[in-house]
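So the structure is just underneath, and the comments pick up after that.
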Amino acid sequence: MKLKSKTQDAVLFYTLRVISLLVIALLLFIMFVLTKSAWPAISKMGFSFIIGREWNPVEDQFGALPFIFGTLITSFIALIIATPVSILVALFISEYLPKNVSRIIALLVEMVAAIPSIVFGLWGIFFLSPLMKETIAPFLKKYFSFIGLFEGPSFGIGILTASMVLAVMIVPTISSICRSIFELIPKHQKEASYALGSTKFEMIKMAVIVPSLSGISSAVVLGLGRALGETMAVTMLIGNSPVIAKSLFSPAATMASVMANEYTDANTPLHVSSLCYLALLLFFITFLSNLLAKSIVKNFSRLR
Amino acid sequence: MNNRLFRKIKNHLFFGLILLSAALVLIPLFLVLKFVFVQGWSSLSLSFFTEIPKPVGEVGGGMKHAILGTIYIVLLGALIAVPLGVTCGIYLSEFGKSKLSKTLKLTVDLMSGIPSIVIGIFAYLMVVVPLKSFSALAGGVALSIIMLPIIIKTSEEILKLVPTHIREAGLALGLPRWKVILFIILKGSVSNLLTGIILAISRAAGETAPLLFTAFGNMYLSYEINKPMATLPVQIYTYAISPFKDWQRQAWAGAFVLMVLILTLNLFARYVLTKIKDKKGI
């Protein structure tokens with residue numbers, strides 16, 4: 001029996017739709033599976049899990065605050081370092097360099113994104129952490145100790161080392177989005193600014209940065225999303241001890257790093273379920289930050 | 001006059017800041033590349049590619065099992081992700097205005113933002129727990145979820161580059177739409193779609209976190225899909241945090257091989273994709 005071509009098309013259309021639905025269902029399914037396996041911990045501890053400061057699997061005590069703190073502080077420091085640098089590099093590529101050269105620099109910046117995080121971790125252990133211990137930490141202690149964040153001995157690994165590597169890793173994410181936004185700025189807008197007698201800096205401030213502010217902020221939020229979920233490099237460099245310390249030299253642990261370290265060794269059901277609870281929290285934090293970035297872009301394009 | 005001088009100085013200062021930040025990005029890149037290439041090259045030997053690890057304490061051995069394991073698991077992941085991903089790419093490029101495709105687009109964005117360690121836990125719960133063993137299959141499933149959004153996105157972009165008049169020409173010949181899509185649009189873009197797949201593979205090949213408790217790793221050569229399997233990234237991790245000098249050397253050699261593999265695939269795919277876009281004048 002030969003199908004009419006309209007029927008044939010309907011078959012194609014519905015096959016495509018079903019497969020697309022499958023992919024959407026997969027995302028929901030991931031959420032469901034995580035929630036289900038986190039449920040014992042959620043029902044037992046509920047919200048106190050999030051504010052608990054004690055993480056002791058031997059005593060069946062599970063509080064996630066040290067990990068939430070570790071994740072937030074490393075991502076935050078990474079963003080503080082990476083945001084200005086990424087924006088400036090994006091400007092360098094889109095406004096200052098001739099087209100041929102800018103392509104090469106852009107390619108180099110994107111190459112950073114292609115380097116696997118395990119390689120950054122390896123480099124961090126054998127290059128950055130000795131450098132931190134012997135050069136950077138004494139320098140910071142000598143000249144910036146009044147801030148109060150640089151105290152105690154540095155063992156090379158710790159919050160600051162992990163944050164620095166994270167910063168390097170998220171620069172390509174932020175700068176490539178910024179660059180694509182800067183390239184949308186119409187030429188006449190820049191020329192109008194020059195015609196008013198601006199210097200190049202004033203032109204960039206007036207005609208490039210200010211109109212792109214919301215785009216830039218969505219790029220930063222996306223960078224944040226990447227930093228929050230980054231696992232290997234941070235696990236290798238943060239020292240993995242669940243403490244909340246004041247000094248940036250001290251070791252800490254993040255939500256991702258504790259999962260990487262403890263998941264295979266977890267043998268009580270509550271321990272496994274607590275780690276799944278953490279995974280679920282991390283999932284939702286990154287989920288929300290990506291959603292936020294999306295909605296900023298959406299509002300931005302509506303304004304234009 | 002004074003004001004003008006001030007503005008000029010500010011302008012120059014800004015340029016200085018820009019140069020400084022370019023240096024801040026490029027210097028770590030060169031340091032990482034230099035470190036991996038110098039340390040890796042000096043630790044590399046032929047036996048690295050042909051031997052499996054020796055027992056602890058004995059010098060020598062290699063990562064043949066991990067290199068083959070990475071290829072095996074990445075291809076397994078691609079086997080799952082490519083059909084799904086390309087199909088969704090077709091749907092987005094050909095029927096991109098429906099409500100479902102907008103939801104799909106959002107899903108793709110959100111999926112590419114899921115931390116890879118969370119994907120690892122998901123694959124553990126889905127595959128390792130029911131089968132009661134770490135397995136290459138679980139690793140493949142985890143990597144396929146990482147590849148899926150990348151493949152969907154690049155496929156959509158690539159298929160959208162096919163000009164509308166080609167679709168119309170096909171329809172004007174009286175072909176049903178599915179034939180136009182399958183035999184004209186898809187067939188003409190096969191090599192470009194492959195480029196997108198290579199890009200996804202280059203990303204998945206470097207992932208460690210999702211493999212830690214799925215493929216897990218081992219110390220011998222294995223081709224069995226339901227048994228643990230070694231991969232380069234996990235092997236590098238195990239060796240890097242070990243106290244043995246010889247193992248650390250091997251980690252460097254492994255990092256070197258992994259970087260060459262990934263950067264070659266990645267740069268090749270990027271080069272081809274920009275070529276395609278340039279040709280189409282986009």
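Just so you know, all these numbers are worked out from the coordinates, no wet-lab data involved. Remember, predicted model here, so these are calculated numbers, not experimental data. Please note: Cβ atoms are built from the backbone with ideal geometry, for glycine as well, and neighbour counts cover all protein chains shown.
Kindly identify segment A:135-219 as rounded, prolate or oblate by the Cα gyration tensor criterion: order the square roots of the eigenvalues as a ≥ b ≥ c, call it rounded if a/c is under 1.5, otherwise compare a/b with b/c, prolate if a/b is larger, else oblate.
The shape class here is prolate.
Mind checking segment B:128-234 for GluC sites (Glu not before Pro) that DSSP puts in a loop (not H, G, I, E or B) and that have at most 13 other Cβ atoms within 10 Å?
Answer in residue order: B:Glu224.
Whose amide H sits under 5 Å from the amide H of A:Gln61, counting only residues 5 or more places off or on another chain, with H placed in the peptide plane?
A:Asn56
Provide Rg over Rh for the protein assembly as shown; use the alpha carbon set for both Rg and the Kirkwood Rh (inverse mean inverse pair distance).
0.98
Just counting partner chain Cβ atoms within 10 Å, what average do the residues of peptide A:101-109 show around their Cβ?
The mean count of partner-chain Cβ atoms within 10 Å per residue comes to 2.
For segment B:167-235 and segment B:57-123, what is the separation of their Cα centres, given in Å?
Answer, in whole Å: 8.
Pairs of alpha-carbon atoms within less than 8 angstrom and 6+ residues apart define the contacts here; what relative contact order does chain B have, in percent?
26 percent.
Relative contact order, percent, of chain A when contacts are C-alpha pairs under 8 Å separated by at least 6 residues?
Details: 386 pairs, mean separation 82.6, N = 304.
RCO, chain A: 27 percent.
Return the Cα extents of segment A:69-303 along principal axes one, two and three, sorted largest first, each rounded to a whole Å.
Result for segment A:69-303: principal-axis Cα extents of 67, 42, 33 Å.
How far is it, in nm, from the label point at B:Ser133 to the one at A:Leu28 when both lie 7 Å from their Cα along the line to the Cβ?
3.5 nm
Determine the alpha carbon to alpha carbon distance for each of B:Lys160/B:Lys279; B:Lys34/B:Lys54; A:Lys187/B:Lys160 and list only those over 21 Å. The partial results should precede the final answer.
On the way: B:Lys160/B:Lys279 14 Å; B:Lys34/B:Lys54 28 Å; A:Lys187/B:Lys160 27 Å.
Result: B:Lys34/B:Lys54; A:Lys187/B:Lys160 exceed 21 Å.
Kirkwood Rh over Cα pairs of segment B:52-145 into Stokes-Einstein at 10 °C, 1.306 mPa s: D in µm²/s?
Numbers: Rh = 15.8 Å.
D = 101 µm²/s.
Averaging over every viewing direction, what projected area does the convex hull of the Cα atoms of segment A:20-173 cover, in nm²? Before the final figure, lay out each step's value.
Working: hull surface 59.2 nm².
Computing the convex hull of the Cα atoms and averaging its projections yields 14.8 nm².
Between A:Ser273, A:Ser117, A:Ser20, find the one with the highest GNM mean-square fluctuation for chain A; connect C-alpha pairs within less than 10 Å.
Answer for the Gaussian network model of chain A: A:Ser20.
Counting pairs of alpha carbon atoms under 8 Å apart in space and at least six apart in sequence, what relative contact order in percent does segment B:224-268 give?
32 percent
Could you work out which residue, out of A:Asn240, A:Asn261, A:Asn100, moves most in a Gaussian network model of chain A, that is, has the largest mean-square fluctuation with Cα springs under 10 Å?
Of A:Asn240, A:Asn261, A:Asn100, the most mobile in the Gaussian network model is A:Asn100.
If you scale each eigenvalue of the Cα gyration tensor by 5 and take the root, what three semi-axes come out for segment B:18-89, rounded to whole angstrom and sorted largest first?
On the way: eigenvalues 183, 175, 12 Å².
Over the Cα atoms of segment B:18-89, the ellipsoid semi-axes are 30, 30, 8 Å.
Can you give me the Rg/Rh ratio for segment B:48-279, using Cα atoms for both radii and the Kirkwood formula for Rh?
1.06
Under 24 Å between alpha carbons, and skipping anything fewer than 8 positions from A:Lys4 in its own chain: which lysines qualify?
B:Lys179, B:Lys187
When you take every Cα atom in segment B:2-43, what is the radius of gyration, and what is Dmax, the widest Cα pair distance, in Å?
Reported Rg and Dmax, both Å: 18.1, 60.
Which stretch or stretches of segment B:227-254 have amide N atoms under 20 Å from the point lying 7 Å from B:Val59's Cα along the Cα→Cβ direction?
From segment B:227-254, the list is B:239-240, B:242-254.
How are the Cα pair distances of segment B:131-173 distributed, in percent, across 5 Å bins from 0?
5, 18, 14, 12, 11, 10, 9, 8, 6, 4, 3, 0
Under a plain spin-label model, where a point goes 7 Å from the Cα along Cα-to-Cβ, how far apart in nm are A:Thr15 and B:Lys187?
With each label placed 7 Å out from Cα toward Cβ, I get 1.5 nm.
Considering every residue in B:11-24, what mean count of other chain Cβ atoms within 10 Å of its Cβ is obtained?
Rounded to a whole number, the mean comes out at 6.
What does the structure give for A:277-285 when I average, per residue, the other chain Cβ atoms found within 10 Å of the residue Cβ?
3
Would you please calculate the Kirkwood hydrodynamic radius of segment B:132-220 over all C-alpha pairs and express it in Å, rounded to one decimal?
Across segment B:132-220, the inverse of the average 1/r is 15.3 Å.
Roughly speaking, what is the centre-to-centre gap between segment A:55-125 and segment A:213-267 when only Cα atoms are used, to the nearest Å?
11 Å
Contour minus end-to-end for B:Phe95 and B:Ser45, with contour as 0.36 nm per residue of separation and end-to-end as the Cα-Cα distance?
Result: 12.8 nm gained on full extension.
Checking a compactness column here: for segment B:202-271, what do you get for Rg(Cα) / (2.2 N^0.38 Å), N being the number of residues?
After normalising by residue count via 2.2 N^0.38 Å, the value is 1.19.
Listing A:Trp39, B:Trp252, B:Trp41 from the residue with the fewest other Cβ atoms within 10 Å to the one with the most, what is the order?
So the ranking, lowest neighbour count to highest, is B:Trp41, A:Trp39, B:Trp252.
What are the DSSP H helices in chain A that stretch 15 Å or more along their long axis, judged by alpha-carbon atoms, and whose average Kyte-Doolittle hydropathy comes to at least -0.5? Please report the intermediate quantities before stating the final value.
Working: long enough: A:5-45 (59 Å, 1.28); A:65-91 (38 Å, 2.26); A:99-114 (22 Å, 1.27); A:159-182 (33 Å, 1.86); A:210-229 (30 Å, 1.25); A:269-303 (51 Å, 1.22).
Helices passing the filter in chain A: A:5-45, A:65-91, A:99-114, A:159-182, A:210-229, A:269-303.
Near A:Lys142, which aspartates and glutamates are there with a Cα under 19 Å away, not counting those fewer than 8 places off in the same chain?
Excluding near neighbours in sequence, the set is A:Glu134, A:Glu151.
State the percent of C-alpha pairs, over all pairs in segment A:187-304, separated by a distance greater than 17 angstrom.
It works out to 70 percent of all Cα pairs.
Given springs between every Cα pair under 10 Å in a Gaussian network model of chain A, which of A:Leu128, A:Leu166, A:Leu28 has the largest fluctuation?
So, out of A:Leu128, A:Leu166, A:Leu28, the one fluctuating most is A:Leu28.
Longest exposed-loop-site-free stretch of chain B, with trypsin sites (Lys or Arg not before Pro), DSSP loop and at most 13 other Cβ within 10 Å?
Values: sites that count: B:Lys97, B:Lys132, B:Lys280.
It works out to B:133-279.
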